[in-house]
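Just so it is clear, none of the values below were taken in a lab; they were calculated from the coordinates. Quick caveat, the model's predicted, so the values are computed rather than measured. Cβ placement follows ideal geometry from the backbone for every residue including glycine, while neighbour counts extend to all protein chains displayed.
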Protein chains: 2
Amino acid sequence: MSLLVVGSVAYDGLETPHGKVDRILGGAATYIALAASHFTQPRIVAVVGDDFAPEDEALLVRRGVDLTGLERVPGKCFFWQGVYAADMNSRTTLRTDLNVFAGFDPKVPDTYRDSAFVLLGNIQPALQASVRAQVASPRFVGGDTMNFWINDFREELLKTIAEWDLLMINDSESVELSGETNLRKAAARIHEMGPRWVVIKRGEYGAVLFEKGTGHFAAPGYLLDQVKDPTGAGDCFAGGFFGYLAEAQARSGDAPLSGESLRRAVIYGSVLGSFCCEEFGPRRFETLTRQEIDARYEEFVAFTRFA
Amino acid sequence: MSLLVVGSVAYDGLETPHGKVDRILGGAATYIALAASHFTQPRIVAVVGDDFAPEDEALLVRRGVDLTGLERVPGKCFFWQGVYAADMNSRTTLRTDLNVFAGFDPKVPDTYRDSAFVLLGNIQPALQASVRAQVASPRFVGGDTMNFWINDFREELLKTIAEWDLLMINDSESVELSGETNLRKAAARIHEMGPRWVVIKRGEYGAVLFEKGTGHFAAPGYLLDQVKDPTGAGDCFAGGFFGYLAEAQARSGDAPLSGESLRRAVIYGSVLGSFCCEEFGPRRFETLTRQEIDARYEEFVAFTRFA
């Protein structure tokens with residue numbers, strides 16, 4: 001089924017212990033769409049400047065991403081530059097130029113209004129709410145956020161996520177949002193804010209999915225031989241997660257989403273996040289195949305089985 | 001089957017964000033034996049002073065621990081005092097009094113010499129080797145170590161673990177021992193040092209079991225509502241792991257240990273480690289039952305299932 005994605009399409013300057021690139025395609029919507037494109041044809045709502053390169057657009061087109069909602073305005077694309085610590089578990093921002101993103105007012109094209117799944121990437125909560133409101137009657141709405149919105153736009157954020165089916169967040173953000181350091185307690189507080197489902201991402205250690213009043217599902221992380229660049233891994237997790245759900249729902253028709261589907265979505269999310277780390281920026285998506293994705297899913301089955 | 005355990009029987013002074021106790025039973029052999037006692041009758045090799053309290057001995061006896069190898073000498077028990085950080089992922093040692101432990105020369109009683117499983121708790125590598133040498137023909141030998149032995153007794157440690165079937169170690173120690181920050185690469189280096197099996201413990205995030213030339217098994221951690229005191233959790237993991245193996249081997253007779261058994265041992269280890277954190281020191285073992293242990297094992301089955 002159809003998946004609408006909103007977020008940034010940007011350029012990044014990246015430095016990790018394994019190398020340095022001055023300028024490479026980036027942005028949450030980019031990574032989400034590339035990951036989701038292996039399951040469905042994601043529809044992007046984003047804004048780019050006149051420096052958006054034809055070869056980068058070509059990658060998205062080749063992956064079947066619908067660019068009807070990609071607004072093009074005079075100026076430059078959002079640019080972010082950062083450097084990762086030796087263990088790559090933390091990073092320092094060196095530069096953030098909002099550029100055309102500063103005036104982003106997302107407009108959902110008519111052809112997107114029937115979208116069944118809506119994934120609201122990490123942007124200002126009021127804009128996430130605006131995109132949600134422009135979709136007629138989505139089956140499943142979820143999104144991401146970050147410490148900046150949690151701390152400085154708290155009321156706006158709480159009002160926005162109250163309408164969501166699922167919130168996806170990393171562990172430190174779950175503490176900031178809920179005021180609880182214990183993972184179970186943090187998830188319980190976030191359920192009270194609205195979302196029936198909460199996914200807490202724990203970086204290399206995996207992810208935990210909580211369903212309100214039911215229980216949880218815990219997945220360990222995939223052990224890569226080498227992490228070249230973790231940029232975009234969280235967004236690829238989200239893209240794999242929502243992409244898989246949209247595909248599964250297309251198969252099951254009108255049946256409600258099952259907890260089993262959401263568990264498998266966590267694994268597909270983990271698979272896509274792990275592939276993302278194998279190359280700088282989104283380069284791994286130039287060659288990644290569905291066959292490789294399914295093979296890694298089977299690896300997860302094998303390395304978690306014990307009963 | 002029979003399980004021999006060597007390590008410390010000690011007293012600890014503990015402070016965590018949830019409370020403070022000035023003096024409570026502790027030590028690696030204590031925690032290992034209490035955890036393993038739910039599966040087998042562990043045989044302890046350790047030393048205590050004349051301050052070893054009758055009520056603490058009574059707990060071990062009540063749990064069926066064989067104390068034939070518990071040497072009693074004049075002086076005081078090993079004493080350790082520490083305080084945990086707010087998130088309990090790190091701790092500061094305030095005091096270490098070796099006392100009678102300084103002259104510990106482990107002697108394996110004749111009645112222990114036929115032990116099938118040998119678990120060498122965290123003590124000086126030469127003493128671990130001495131215990132191993134005093135057991136006639138064990139089926140499975142494994143042990144633990146720590147940064148002090150890795151850095152200051154490296155050659156002695158390498159000679160000792162070369163004889164082991166399994167090394168159990170935490171993630172930061174695996175980096176120090178192997179020189180590799182990547183978990184897969186660290187395990188591969190440790191396989192080269194001898195052990196066919198390597199378990200890398202990741203605290204609250206779970207544990208990973210590697211089998212040389214075969215693959216790995218990853219288990220997420222159990223999500224507790226509250227961690228009161230993590231002291232002894234790693235030792236309880238080891239005790240649950242080896243206790244379960246000894247029990248499983250007793251059922252399967254002469255069949256070689258299977259990878260499946262070792263995977264289930266990781267889960268039982270995780271279960272025992274999680275119970276340990278629920279109360280200060282070893283207090284949880286005053287009431288813990290096999291029924292509670294098996295129920296938590298089934299929780300692991302439920303919260304990790306997706307295929």
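Scattering from the C-alpha atoms of segment A:95-229 alone, worked out with Debye: what is log10 I(q)/I(0) at q = 0.12, 0.13, 0.17 1/Å? Log10 of I(q)/I(0), two decimals: -0.53, -0.62, -0.98. Label-to-label distances for B:G19 across copies, nearest first, come out at 5.5 nm, using points 7 Å from Cα in the beta-carbon direction. Shape verdict for segment A:180-249, please, from the Cα gyration tensor: rounded (a/c under 1.5), prolate (a/b greater than b/c) or oblate. It is oblate, given that a/c is not under 1.5 and a/b is not larger than b/c.
Converting the Cα gyration tensor eigenvalues of segment A:11-56 into ellipsoid dimensions via √(5λ) gives semi-axes, longest first, of 22, 15, 8 Å.
Taking θ as phi - 60° and the Karplus parameters 6.51, -1.76 and 1.60, the scalar couplings of segment B:196-209 work out to 6, 10, 10, 10, 10, 8, 10, x, 4, 8, x, 8, 10, 9 Hz in sequence order, x denoting glycine and proline.
Summary value for segment A:116-250: 18 percent relative contact order, contacts being C-alpha pairs under 8 angstrom separated by 6+ residues. Size descriptors for the protein assembly as shown: radius of gyration and Dmax over Cα atoms are 26.6, 86 Å. Spatially, segment B:240-267 and segment B:101-160 are offset by 21 Å when compared through their Cα centroids.
Looking at segment B:3-304, the DSSP beta bridges with both ends there are about 40 percent antiparallel.
By the Cβ-Cβ criterion of under 4.7 Å, the unpaired cysteines of the protein assembly as shown are A:C77, A:C277, B:C77, B:C277. Taken along its principal axes, the alpha carbon cloud of segment B:173-297 reaches lengths of 42, 37, 18 Å, longest axis first. Fraction of C-alpha pairs exceeding 16 angstrom in segment B:226-269: 41 percent, rounded to a whole number.
Dividing the Cα radius of gyration of segment A:149-219 by its Kirkwood radius returns 0.94 for Rg/Rh.
Label-point spacing for B:L158 across the identical copies (point 7 Å from Cα in the Cβ direction), in nm and ascending order: 5.9. By the compact-protein rule of thumb, 2.2 N^0.38 Å, the alpha-carbon radius of gyration of segment A:56-172 corresponds to a ratio of 1.19. Mean sequence separation of contacting Cα pairs (under 8 Å, at least six apart), scaled by the length of segment B:3-304, corresponds to a relative contact order of 17 percent. Here the sum of -39500 (n - 2.57) over DSSP H runs of 4 or more residues, divided by the residues of chain A, equals -11000 deg cm²/dmol at 222 nm, to the nearest 500. Sequence-ordered 3J(HN,Hα) estimates for segment B:108-125 from the Karplus curve with 6.51, -1.76 and 1.60 and θ = phi - 60° stand at 7, x, 3, 5, 9, 5, 8, 4, 7, 10, 10, 10, 8, x, 5, 9, 4, x Hz, glycine and proline given as x.
Across segment B:78-196, C-alpha contacts under 8 Å between residues 6 or more apart give a mean separation that, scaled by the residue count, equals a relative contact order of 17 percent.
Out of the DSSP beta bridges found with both residues in the protein assembly as shown, what percent are antiparallel (nearest 5)? Taking every DSSP beta bridge within the protein assembly as shown, about 40 percent pair in antiparallel fashion. The charge dipole of segment B:3-304, taken about its Cα centre with unit charges on the Cβ of Lys, Arg, Asp and Glu (plus for the first two, minus for the last two), comes to roughly 500 debye.
The P(r) of segment B:3-304 has a tail past 25 Å containing 44 percent of all C-alpha pairs. With label points defined 7 Å past Cα in the direction of Cβ, position A:R290 shows copy-to-copy spacings of 5.0 nm, given to one decimal and shortest first.
Each residue of segment B:212-226 was assigned a 3J(HN,Hα) from its phi angle through the Karplus expression (A = 6.51, B = -1.76, C = 1.60, θ = phi - 60°), giving 3, x, 10, x, 9, 10, 10, 10, x, x, 7, 8, 7, 5, 8 Hz with x at Gly and Pro.
Of all aspartates and glutamates in the structure, the ones whose alpha carbon falls short of 16 Å from that of B:K20, not counting any fewer than 8 places away in one chain, are B:D12, B:D87, B:D229, B:E278, B:E279.
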